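Trainee: One structure coming up, written as structure tokens, with questions to follow.
The values are calculated or read from the model by the stated rules, or taken from the named source; none is laboratory data. The structure displayed is predicted, hence computed values, not measured ones. Counting neighbours? That spans all protein chains shown, and the Cβs are built from the backbone with ideal geometry, glycine included. Just the protein is used for accessible areas: all its heavy atoms, side chains included, with ligands, DNA and RNA removed. Shrake-Rupley method; radii C 1.70, N 1.55, O 1.52, S 1.80 Å.
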Amino acid sequence: MTKVDGQDYSGKINYLRMHFVKGKVYFILDLAGGFDANNYPLVVLKNSLKNGNPAWTWGGTD
């Protein structure tokens, strides 16, 4: 992500990566470098497809 509503984005960036293997597409949400308010790494809690779109739920501590 480089822009939000036309404005340059300079916040923490999480990456969506895609890999094409033998006619299939694999999506990876890379949370490396993302930390919560207590400086613990973020964790993917759930992943799924919603209407053909990849969806993730991730969390940390409060």
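Trainee: What's the number of the condition Gly33 fails, among (1) within 14 Å of the chain's Cα centre (by Cα); (2) in a strand (DSSP E or B); (3) not β-branched (Val, Ile, Thr)?
Mentor: So the condition that Gly33 fails would be (2).
Trainee: Does segment 17-25 contain any residue that is surrounded by 10 or more Cβ atoms within 10 Å (Cβ to Cβ) and either under 13 Å from the mean Cα position of the chain (by Cα) or of a type in the set (Val, Ile, Thr) (or both)?
Mentor: Initial filter on segment 17-25 (surrounded by 10 or more Cβ atoms within 10 Å (Cβ to Cβ)): none.
No, segment 17-25 contains no residue that is surrounded by 10 or more Cβ atoms within 10 Å (Cβ to Cβ) and either under 13 Å from the mean Cα position of the chain (by Cα) or of a type in the set (Val, Ile, Thr) (or both).
Trainee: Let me ask something else. How many residues are in contact (Cβ under 8 Å) with a residue 12 or more places away in the chain and open to solvent by less than 80 Å² (accessible area, probe 1.4 Å) if we restrict to segment 42-62? So that I can check it myself, show each step before the final result.
Mentor: Filtering segment 42-62 for residues in contact (Cβ under 8 Å) with a residue 12 or more places away in the chain gives 42-45, 47, 54, 56-62.
If we keep only those that are open to solvent by less than 80 Å² (accessible area, probe 1.4 Å) too, we end up with 42-44, 54, 56-57, 59-61.
Result for segment 42-62: 9.
Trainee: Related question: Could you look through segment 1-15, keep only residues that are among the hydrophobic types (A, V, I, L, M, F, W, C) and open to solvent by less than 100 Å² (accessible area, probe 1.4 Å), and pick out the one that is modelled with the highest pLDDT? Walk me through it before giving the result.
Mentor: Step one: of segment 1-15, the residues among the hydrophobic types (A, V, I, L, M, F, W, C) are 1, 4, 13.
If we keep only those that are open to solvent by less than 100 Å² (accessible area, probe 1.4 Å) as well, we get 4, 13.
Values: Val4: 71, Ile13: 62.
That would be Val4.
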